[in-house]
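A short reminder: the numbers here are calculations on the coordinates, not readings from a lab. All values derive from a computational prediction rather than experimental measurement. Heads up, the Cβs are rebuilt from the backbone with ideal geometry, glycines too, and the neighbour counts pull from every protein chain shown.
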Amino acid sequence: MANWGVTMSGSKTGWNVTVAGDTTAGKSAVFKQYCPNATCGTDSGPGYITGGFTLAASSLTLNSTGASWTGNSGTTPSHLCNSGCLMDTTTAVKIASASTSVSLGTWSTTGYSATSLALSVPTTTRFLSQSGEVYHLDLVWTLNSGP
């Protein structure tokens, strides 16, 4: 997972970052069979395959153990996924927050790595036989005011 940052300016209202699976039209909150091209074998795309295979919700976990904040001094924001947060759910999960005592300015994360995201893949997962198809999902990241 790439490192990321938040800039708080104006007043010290605090902030939080959430993530949730996208349930809007044409999107999928869970990993689902997807054709990224105009065609994938006998399937049409780009888009999700109607009736396609899926992975169960709560398969993707973010673990922020080892991540930290840089950019300012004083009270730092908090990472909230040290025990793991499920990302592919329809309910927004708070992954980071800053209280009203956190300094204004830009805070950047450091320490996220290839092992910060983990995918649980059951042995019953179906092989996608159409050329070019993948399991894909859509996540919505939201920056909110207030801790």
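Stretched out straight at 0.36 nm per residue, the stretch from W141 to S11 would grow longer than its current Cα-Cα span by 44.6 nm. Given their separation in residues at 0.36 nm each and the Cα-Cα distance between them, A56 and V121 gain 22.5 nm when the chain is fully extended. The computed Rg and Dmax of the Cα atoms in Å for the structure shown corresponds, within [x] 18.5, 67; [y] 18.1, 58; [z] 19.3, 74, to [y]. For region 100-147, the set of chymotrypsin sites (Phe, Trp or Tyr not before Pro) satisfying both a DSSP loop assignment and a count of at most 14 other C-beta atoms within 10 Å is given as F127. The ranking of F31, F53 by Cβ neighbour count inside 10 Å, starting from the fewest, reads F53, F31. Dividing the convex hull volume of the alpha-carbon atoms in region 73-115 by its residue count gives 109 Å³ per residue.
Modelled spin-label separation between T42 and T75, with each label point placed 7 Å from Cα along the Cα-to-Cβ direction: 6.1 nm. Taking other C-beta atoms within 10 Å as the exposure proxy, S78, S73 rank S73, S78 from fewest upward.
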